[in-house]
1. List the lysines whose Cα lies under 16 Å from the Cα of Lys125, skipping any in the same chain that are fewer than 8 positions away.
2. Bin by bin, in steps of 5 Å, what percent of the Cα pairs in the stretch 100-217 do you find, going until the bin that has the longest distance?
3. Please give, to one decimal in nm, the separation of the simple spin-label points placed at Leu316 and Gln304, each 7 Å out from Cα toward the Cβ.
4. Using the beta-carbon distance between Thr113 and Glu209 and R0 = 22 Å, what value does 1/(1 + (r/R0)^6) give for FRET efficiency, to the nearest 0.05?
5. So which helices of the chain fit the span-like rule, where a helix is a whole DSSP H run, its Cα atoms reach 18 Å or more along the axis, and its mean Kyte-Doolittle is at least -0.5?
6. Name the most mobile residue of Asn182, Asn142, Asn382, meaning the one with the largest mean-square fluctuation, in a Gaussian network model of the chain with Cα contacts below 10 Å.
7. Rounded if a/c is under 1.5, else prolate if a/b beats b/c, else oblate: with a ≥ b ≥ c from the C-alpha gyration tensor eigenvalues square-rooted, which is the stretch 17-73?
8. For the chain, what's the relative contact order in percent, using C-alpha pairs closer than 8 Å and at least 6 residues apart?
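Any read-out appearing in this document is the output of simple, stated calculations on the displayed coordinates, not a laboratory observation. Please read these numbers as outputs of a predicted model, since none were measured by experiment. Please note: Cβ atoms are built from the backbone with ideal geometry, for glycine as well, and neighbour counts cover all protein chains shown.
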Amino acid sequence: MSDAQLGWQARGLMQGFPPPPEARITRDNWNRFPQSIWSFQHASRLFRSRRIARAQKPRPMLVNPVDFNAVRVPDGKGASLDWNAFLTATHTDALVVLKDGVLVCEHYGRDMTAQSPHMVFSITKSLTGLIAQSLAGEGRLNLDSTVAAYVPELGESAFGEVALRDVMDMLDGVAFDETYANPHADIHRYSAAYWGPRSGHPPISGVYEALTGFKTRMAPPGAVFRYKTPSADVVGWALQKATGESLGDLVENRIWQVIGAQDDAYMIVDPSGQEIAATGFNATARDLARLGQALLDGGRVGGQQVFSEATLASILQGGDRALFARAGYASRSGWSYRSHWWHTHAAGGAYCALGVYGQRLYVDPGNCMVIVKLGSAPEADNTLTDHLHQAAFEAIVARVR
């Protein structure tokens, strides 16, 4: 089915009063393709959400379009895709490129517009990491302290005696299987704490209840890198304990307002009403690009230092590359992970925030570029298209440069 046909199919979902059964999007199918085309752009209609208010004075964005129609993207198999074929093959809903702070490329597909908020999944973790690192720089959060020192409720869990630094770097050693393709993996049971259970599964009252249930370790803290979604929720709980503020307030006041966001964003709340630290943030592509540009500019927006240089330096130093290499990410060779950000350690120092189903915020200091790509891919696992996206980003850099 062509991208245009899928657009029409997505537009027809959830229409009517009520929609006919075959067109309804439910907790059982909302993240399945092609239902996801609609639901990733309308998550606040499916789940309870907290509005994150836009800035009173949005940061202006200069526009100077560059023609990308001649760009070709190597497919890793000896051939190449033209620009439109790449966008279609990677199920692109939005693509925004900034060069030196100027918008040079903007593409929307499948009914998305510049004003459409889109689910960004684990890019939410990177927001949580940025806040945690900022609070640490201010002396309001000690990353060498244990989780239990901030969250006594987790004292008896496998996270309790782990340092927050290890939790933020996914070195906590807690046992958890995040294999998206395995329907029996832990991640699918844990995600019921966010979205509510699928049909026939027992209810969970929310993230906090789920976190107290972790009792098993796979390794000592600091010994093994394993990416796991619950780790970011642990950090989010600690942030709220340390500050006495809700996670939504922290995101709104310490990120969304200060970057000069043009549009409201949304955070999904769990069944207990708690904003989620690990996933569920919804925002426009342009505003995500504004965040990337603020980081690219050394934490400065409009002449004001909104993220400290020490905060960014700590994030940008990257994580333990040797431990990361042992985790077996073949498509991310040489990378590392720190403070819920992925680091390429390439010559230009590019780093990124990633979310399942094709969400990417790519910050490239060496080329003064920010790339935001949002999608609704059929597969959750982003590593399946890492090589294609990296080739595309290199082609984008070459075209603009």
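1. Once the sequence-local lysines are set aside, what remains near Lys125 is Lys228.
2. 2, 9, 12, 17, 18, 14, 10, 8, 7, 2, 0
3. 2.2
4. Working: r = 38 Å, r/R0 = 1.71.
Calculated value: 0.05.
5. 123-137, 230-243, 386-400
6. Asn182
7. oblate
8. After rounding, I find 24 percent.
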